[in-house]
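Trainee: There's a structure below that I have some questions on.
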Amino acid sequence: MESVVNGCIKKKIINFSPGPAKIPEEVLEIAQKELVDFQGHGLSVMEMSHRSKEFESIIFGAEKTVRELLDVPANYKVLFMQGGGAGQFSAVPLNLMRTGTADYLVSGSWSQAAAKEAKKYGTVHLVAPTPEKFGSVPDESEWKFSDNSSYFYHCGNETVHGVELPTTFTSVPGHLPIVADISSSLMSRKFDVSKYGMVFGGAQKNVGCAGVVLGIIREDLFGHARKECPSVLDYKLLDAHTSLYNTPPCFNVYVMGLVLNWIKKHGGLDAMDEMSQRKSSLIYSVIDKSNGFYYNPVDKRYRSRMNVPFRVGGVNGDEELEKRFLQEAGKLHMVQLKGHRSVGGMRASLYNAVTVEETQVLADFMQDFYDRNRV
Ligand SMILES: Cc1ncc(COP(=O)(O)O)c(C=O)c1O
């Protein structure tokens, strides 16, 4: 199975990677066409000064599209940062933990890692006990917030465990800024930015390639970074230099801009959300009708639209069946379905660029595999 992209033969595969993940083919085609000569300037984006007019139009254009897609209020700053999603595990407390305390919800391995990192800089108060096994979230009515917290931190979508939280909360005290790591759900649904103090997400899942992190921050929250905060992570400094304090990952910002345009062209966030619900329902439906042959450990209220982890052959998975599942899926050109090493089994990541048709191929294969292997 092959396709031709700008005259180059491309092996056709279906990529369910959790990240770095599939980038829309239309975007790759533009990036390829413009690789050696960006819009007739005779330079590649990789070769041009980040202080040039051309690059400014790229980065400011990307910011404009972020603002449009998410309807970002004027008192929020949009930053393009480095250091990955994990860099923000440090940057958030270094910039925002003014009182020396912050509230964290641990719902999976990414929020757990963020809480661990934040402990280096102050007191981390957990609003609820950490579940023994990730897959659900303690009821919001039971969350306890500390009196002198600087912010409430959570992960909007736990990429490894497939736990996705709602975008609004009823129990978080009104004065407490809400900070969310939305690395793996960024630009997959609308949410009210004004309800948040800050959101951030690495690009490599829904909005491009690894190397750039998008941050959206309410401007009154920063400007109080601890003195040991590295300059390259200091939100105030980055904002003062419109994300050009030091050399940004220029090509990655460019690709993000292309993906954001693609999202806009294809119906914006309502369309992405609707599609992600259709795609994830296709997979959850096969799981739920399989009499336990496929097992997804997540409480149905928190099932992720983006990452669907599942075992094959029962609750703990059957090693032999899971091996065969991957081999057979591979023969049908489906790749990167293996679950995270800490969880095992499978994981289907259904980011924006993965189509409904591609997801249907996986759902059909899962049904067929079940029909042939059920006991
Ligand atoms: C939700 C979430 N947060 C943070 C990270 C860490 O991102 P990075 O590897 O860019 O540091 C990941 C990576 O997969 C993630 O899924």
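The values are calculated or read from the model by the stated rules, or taken from the named source; none is laboratory data. Values in this document were obtained by computation on a predicted structure and should not be read as measured data. Glycine also receives a Cβ, built like all others from the backbone with ideal geometry; neighbour counts cover every protein chain displayed. Side chains included, ligands, DNA and RNA excluded: accessible areas come from the protein's heavy atoms. Shrake-Rupley method; radii C 1.70, N 1.55, O 1.52, S 1.80 Å.
Trainee: Please state which of the following conditions Cys229 fails to meet, knowing it meets all the rest: (1) touching a residue at least 40 places away in the same chain (Cβ under 8 Å); (2) under 30 Å from Ser49 (Cα atoms); (3) open to solvent by 20 Å² or more (accessible area, probe 1.4 Å); (4) of a type outside the set (Phe, Trp, Tyr).
Mentor: Unmet condition: (3).
Trainee: If you don't mind, there's one more thing I want to ask. May I ask you to list the residues in segment 274-321 that are within 16 Å of Val375 (Cβ to Cβ) and within 26 Å of the chain's Cα centre (by Cα)?
Mentor: Tyr294, Tyr295, Arg311, Val312 - these are the residues of segment 274-321 that are within 16 Å of Val375 (Cβ to Cβ) and within 26 Å of the chain's Cα centre (by Cα).
Trainee: Filter segment 201-218 for residues that are assigned to a loop (DSSP other than H, G, I, E, B), more than 9 Å from the ligand (Cβ to nearest atom) and either surrounded by fewer than 24 Cβ atoms within 10 Å (Cβ to Cβ) or among the small types (Gly, Ala, Ser) (or both) and give the result.
Mentor: Taking segment 201-218 first, the residues assigned to a loop (DSSP other than H, G, I, E, B) are 203-212.
After this cut, where a residue has to be more than 9 Å from the ligand (Cβ to nearest atom) as well, the list is 206-209, 212.
Scanning segment 201-218 gives Gly208, Cys209.
Trainee: Consider only pairs whose beta carbons are under 6 Å apart and that are at least six residues apart or on different chains; among these, list those whose first residue lies in segment 155-183 and is within 12 Å of the ligand (Cβ to nearest atom) and whose second residue is in a strand (DSSP E or B) and among the β-branched types (Val, Ile, Thr).
Mentor: Note: pairs meeting the criteria are Gly162/Val308; Ala180/Val199; Ile182/Val199.
Trainee: Would you mind listing the strands (runs of 3 or more DSSP E) fully within segment 24-141 where at least 2 residues are over 23 Å from the mean Cα position of the chain (by Cα), surrounded by fewer than 20 Cβ atoms within 10 Å (Cβ to Cβ) and in the same structural domain as Val253 (by TED's automatic domain parsing)? Lay out the reasoning, then the answer.
Mentor: Working: elements: 76-81, 101-104, 123-126.
Here the list reads 123-126.
Trainee: Out of all the residues in segment 296-327, which are hydroxyl-bearing (Ser, Thr, Tyr) and closer than 18 Å to Arg341 by Cβ? Working first, answer last.
Mentor: Going through segment 296-327, the residues hydroxyl-bearing (Ser, Thr, Tyr) turn out to be 302, 304.
Hits for segment 296-327: nothing passes.
Trainee: Also, I was wondering about something else. Given the criterion at pLDDT 95 or above, more than 16 Å from the ligand (Cβ to nearest atom) and touching a helix residue (DSSP H, G or I) at 6+ places or on another chain (Cβ under 6 Å), identify the matching residue among Leu79, Leu70.
Mentor: None of the others qualify; the one that does is Leu70.
Trainee: Quick one: Leu237 ticks every box in (1) closer than 12 Å to Asn95 by Cβ; (2) part of a strand (DSSP E or B); (3) aliphatic (A, V, I, L, M) except a single one, so which number is it?
Mentor: (2)
Trainee: Among the residues of segment 173-182, is any under 24 Å from Gly339 (Cα atoms) and part of a loop (DSSP other than H, G, I, E, B)?
Mentor: There is at least one residue in segment 173-182 that is under 24 Å from Gly339 (Cα atoms) and part of a loop (DSSP other than H, G, I, E, B).
Trainee: OK, next. Of the residues Lys116, Lys144, Lys133, which single one is among the basic types (Lys, Arg), away from the ligand (no atom under 16 Å from the Cβ) and under 26 Å from Asn307 (Cβ atoms)? Before the answer, list the steps.
Mentor: On the way: Lys116 fails: away from the ligand (no atom under 16 Å from the Cβ); Lys144 fails: under 26 Å from Asn307 (Cβ atoms).
That would be Lys133, the only listed residue that is among the basic types (Lys, Arg), away from the ligand (no atom under 16 Å from the Cβ) and under 26 Å from Asn307 (Cβ atoms).
Trainee: As an exercise: evaluate Ile9 against (1) in a helix (DSSP H, G or I); (2) surrounded by fewer than 12 Cβ atoms within 10 Å (Cβ to Cβ) and give the number of the one condition it does not meet.
Mentor: Just one mismatch for Ile9, condition (1).
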